[in-house]
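Chemist: Structure below; questions to follow.
The values are calculated or read from the model by the stated rules, or taken from the named source; none is laboratory data. Note that the coordinates shown come from a computational prediction; the quantities given were computed from them, not determined experimentally. Every residue, glycine among them, receives a Cβ derived from its backbone with ideal geometry; neighbour counts consider all protein chains shown. The area values use the complete protein model at the heavy-atom level, side chains included, leaving out ligands, DNA and RNA. Shrake-Rupley method; radii C 1.70, N 1.55, O 1.52, S 1.80 Å.
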Amino acid sequence: MAQGKKIYSQCLACHQASGEGITGVFPPLASSDFMLEDTDRAIKTIIYGNQEPITVNGTEYPGNTMTKFDHLSDEDIAAVSTYVLNSWGNSAGVVTTEMVAKNR
């Protein structure tokens with residue numbers, strides 16, 4: 001979690017320290033149905049970014065707002081994924097490097 005929080009510092013401008021995002025512009029990660037319903041989708045979103053519009057908790061967000069982080073190692077993506085999926089009241093388990101590698 002500590003390593004994931006450190007990496008998450010790259011996400012703060014858009015998703016905020018609270019994980020609440022900016023409504024209609026950058027989606028929340030806190031209590032995010034989009035992220036919590038599908039761990040593989042969450043991992044792929046971190047690796048590849050997001051090009052298509054999405055709906056999170058009933059609010060639409062434009063595509064091309066999520067930067068890809070494919071330059072990060074599998075370990076770093078596993079750490080930040082675990083951090084996001086287990087912060088701000090989220091409770092979605094641990095993401096392993098094997099899970100990340102499978103989604104590359």
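Chemist: For region 55-103, take every pair of Cα atoms, bin their distances at 10 Å starting from 0, and report each bin as a whole percent.
Modeler: So the P(r) values, bin by bin, are 23, 39, 36, 2.
Chemist: Okay, next question. When ligands, DNA and RNA are left out and all protein chains stay put, how many square angstrom of accessible area per residue does the chain have with a 1.4 Å probe?
Modeler: 52 Å²
Chemist: Another question, if that's okay. Along the Cα→Cβ direction, 7 angstrom out, place labels at residue 57 and residue 31. What is the inter-label distance in nm?
Modeler: 0.5 nm
Chemist: Take the chain, connect every pair of alpha-carbon atoms lying under 10 Å apart with a spring to form a Gaussian network, then pick out the residue of 28, 62, 53 with the largest mean-square fluctuation.
Modeler: Top of the fluctuation ranking is 53.
Chemist: May I pose another question? In degrees between 0 and 90, to the nearest 10, how far off the longest principal axis of the chain does helix 74-85 point, with axes built from Cα atoms?
Modeler: 50 degrees
Chemist: Specify the angular offset, from 0 to 90 degrees and rounded to the nearest 10, of the alpha carbon long axis of helix 39-48 from the longest principal axis of the alpha carbons in the chain.
Modeler: 90 degrees
Chemist: About its Cα centre, what dipole magnitude does the chain give when the only charges are +1 on Lys and Arg Cβ and -1 on Asp and Glu Cβ, stated in debye to the nearest 20?
Modeler: Dipole of the chain, to the nearest 20 debye: 220 debye.
Chemist: Taking N as the number of residues in region 21-94, what is its Cα Rg relative to 2.2 N^0.38 Å?
Modeler: Here the Cα radius of gyration is 1.03 times the empirical estimate.
Chemist: I would also like to ask the following. At 1.4 Å probe size, what's the solvent-accessible area of residue 84? Round to the nearest 10 Å².
Modeler: Spelled out: residue 84, probe radius 1.4 Å, area about 10 Å².
Chemist: With runs of 4+ DSSP H residues as the only contributors, calculate the mean residue ellipticity of the chain at 222 nm using -39,500 (n - 2.57) per run, divided by the residue total and rounded to the nearest 500.
Modeler: The per-residue figure over the chain is -11000 deg cm²/dmol.
Chemist: Run through every distinct alpha carbon pair of region 30-70 and return the Kirkwood hydrodynamic radius in angstroms, one decimal place.
Modeler: 10.4 Å
Chemist: Do you know the relative contact order of region 4-100, to the nearest whole percent, from alpha carbon pairs under 8 angstrom that are 6+ apart?
Modeler: Reported relative contact order: 29 percent.
Chemist: Cα atoms only, region 1-62: Rg and Dmax in Å?
Modeler: Cα radius of gyration and Dmax of region 1-62 are 11.3, 31 Å respectively.
Chemist: Same structure, new question: Tell me, what % of the accessible area of the chain is carbon and sulfur with a 1.4 angstrom probe?
Modeler: Answer for the chain is 52 percent, counting heavy atoms of protein chains only.
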